[in-house]
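Engineer: Sharing a structure with you now.
The values are calculated or read from the model by the stated rules, or taken from the named source; none is laboratory data. As the structure is a prediction and not an experimental result, all values here were calculated from the model. We place every Cβ from the backbone using ideal geometry, glycine too, and count neighbours over all the protein chains shown.
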Amino acid sequence: MLAEKLIVRDCPSCSTCNRGQVPFKYSEGPWVIKECANCRFVYLENVPVYAALQVELAWESTSETEREKKQVSEPVRQFFSSQIKFLRKEVLKRDKLSALIGQYFHAGNVLDIGCASADMLSRLDERFIPFGVEISEFLAAEGNRRLKSRGGGVVQANAVLGTSSFESNFFTGIIMSAFLEHEASPAALLKESFRVLAVGGKAIIKVPNYNCIARVARGKKWCGFRYPDHVNYFTPGNLRSMCESAGFSIEQFTLADRYFLSDNMWIVLGKR
Ligand SMILES: [Zn+2]
């Protein structure tokens with residue numbers, strides 16, 4: 001039954017077919033992770049079809065299951081990790097996304113791809129008209145309710161289709177925060193994002209960093225492994241090259257943005 005809802009992918013980075021390769025060591029249960037024989041990109045080979053993500057495997061249901069599983073298997077670690085996240089966010093106000101938006105986005109239309117219930121979008125100030133793309137029916141409806149008074153709205157669709165529904169050069173800013181690792185066609189999504197971004201516009205991307213120390217040290221227990229939510233495992237090198245292949249210029253990607261002690265990395269892209 002599960003097999004009917006899966007598609008088998010070639011390497012999302014270089015399109016090499018790796019079906020003949022043995023599963024990589026990070027595979028788990030029915031989920032087959034492959035390390036591309038050609039370019040070394042690590043990815044989930046059998047990914048859920050978009051239709052399953054609308055309700056059944058929607059992020060809000062699978063992330064809850066994942067959190068419950070971790071709470072049972074590693075309660076102490078989970079407790080401290082949630083406390084640290086709380087400290088960073090609430091006490092130290094280390095909201096990197098807001099800071100980057102303030103630094104790089106000009107007034108105008110902003111697109112958040114994988115916007116969930118439009119949390120981030122509803123916090124943008126009046127200079128911005130907020131738009132989102134979200135595959136989950138429940139979250140998209142909630143997002144539309146929240147953005148009603150702002151002139152924008154949430155398109156309920158998969159990311160590539162939803163983004164392609166906008167005209168070229170429509171946005172001054174695009175956000176993909178913790179999204180690209182979920183996308184079955186990341187290169188296609190980046191190309192569409194480049195098309196809808198205006199010249200002079202910026203895109204901000206946050207993804208887990210496969211090259212971080214925690215993945216090396218903790219292996220399969222690294223928080224970046226989520227089956228089947230995360231389907232692409234980016235390194236700084238292949239993230240940069242996929243973005244450049246889509247046409248983007250790299251505006252900011254410092255050592256601090258891809259620091260190996262952090263589980264995540266940030267990149268700011270431009271359209272010149
Ligand atoms: Zn490859």
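Engineer: At pLDDT 70 or above, in a helix (DSSP H, G or I) and more than 16 Å from the ligand (Cβ to nearest atom): is that true of residue 87 in this structure? Lay out the reasoning, then the answer.
Structural biologist: Working: at pLDDT 70 or above: no; in a helix (DSSP H, G or I): yes; more than 16 Å from the ligand (Cβ to nearest atom): yes.
No; evaluated as a whole, the condition is false for this residue.
Engineer: Among the residues of region 94-112, what is the count of those that are of a type in the set (A, V, I, L, M, F, W, C) and at positive phi?
Structural biologist: Filtering region 94-112 for residues of a type in the set (A, V, I, L, M, F, W, C) gives 97, 99-101, 105, 107, 110-111.
Those left that are additionally at positive phi: none.
Residues flagged as of a type in the set (A, V, I, L, M, F, W, C) and at positive phi within region 94-112 amount to 0.
Engineer: Could you run through region 186-211 and say how many residues are buried (at least 19 other Cβ atoms within 10 Å of the Cβ), closer than 25 Å to residue 40 by Cβ and free of Cβ contacts under 8 Å to residues at least 40 places away in the same chain?
Structural biologist: Within region 186-211, residues that are buried (at least 19 other Cβ atoms within 10 Å of the Cβ), closer than 25 Å to residue 40 by Cβ and free of Cβ contacts under 8 Å to residues at least 40 places away in the same chain number 0.
Engineer: Regarding residue 202, is this residue in contact with a helix residue (DSSP H, G or I) (Cβ under 7 Å, 6 or more places away or on another chain) and of a type in the set (Lys, Arg)?
Structural biologist: Judged against the criteria, residue 202 is a match.
Engineer: Only one of 225, 194, 179, 170 is under 12 Å from the mean Cα position of the chain (by Cα) and modelled with pLDDT of 95 or more; which?
Structural biologist: Working: 225 fails: under 12 Å from the mean Cα position of the chain (by Cα); 194 fails: under 12 Å from the mean Cα position of the chain (by Cα); 170 fails: under 12 Å from the mean Cα position of the chain (by Cα).
From the options 225, 194, 179, 170, the qualifying one is 179.
Engineer: Any idea which of 126, 137 is more than 16 Å from the chain's Cα centre (by Cα) and under 24 Å from residue 100 (Cβ atoms)?
Structural biologist: Working: 137 fails: under 24 Å from residue 100 (Cβ atoms).
Matching residue, one of 126, 137: 126.
Engineer: Any idea which of (1) out of contact with any helix residue (DSSP H, G or I) (no Cβ under 7 Å at 6 or more places or on another chain); (2) closer than 24 Å to residue 121 by Cβ is the one residue 240 doesn't satisfy?
Structural biologist: The number of the failed condition is (2).
Engineer: Within region 2-37, can you find the residues that are in contact (Cβ under 8 Å) with a residue 12 or more places away in the chain, within 14 Å of the ligand (Cβ to nearest atom) and either assigned to a strand (DSSP E or B) or of a type in the set (Ser, Thr, Tyr) (or both)?
Structural biologist: Of everything in region 2-37, those that are in contact (Cβ under 8 Å) with a residue 12 or more places away in the chain, within 14 Å of the ligand (Cβ to nearest atom) and either assigned to a strand (DSSP E or B) or of a type in the set (Ser, Thr, Tyr) (or both) turn out to be 13, 16, 33, 34, 35.
Residue by residue, here is whether (1) within 14 Å of residue 247 (Cβ to Cβ); (2) assigned to a helix (DSSP H, G or I) holds:
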position: 125; (1), (2): no, no
position: 131; (1), (2): no, no
position: 138; (1), (2): no, yes
position: 141; (1), (2): no, yes
position: 167; (1), (2): no, no
position: 187; (1), (2): yes, yes
position: 195; (1), (2): yes, yes
position: 207; (1), (2): no, no
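Engineer: If I filter region 244-259 for residues that are surrounded by 15 or more Cβ atoms within 10 Å (Cβ to Cβ), out of contact with any helix residue (DSSP H, G or I) (no Cβ under 9 Å at 6 or more places or on another chain) and not in a loop (DSSP other than H, G, I, E, B), do I get at least one hit?
Structural biologist: Within region 244-259, not a single residue is surrounded by 15 or more Cβ atoms within 10 Å (Cβ to Cβ), out of contact with any helix residue (DSSP H, G or I) (no Cβ under 9 Å at 6 or more places or on another chain) and not in a loop (DSSP other than H, G, I, E, B).
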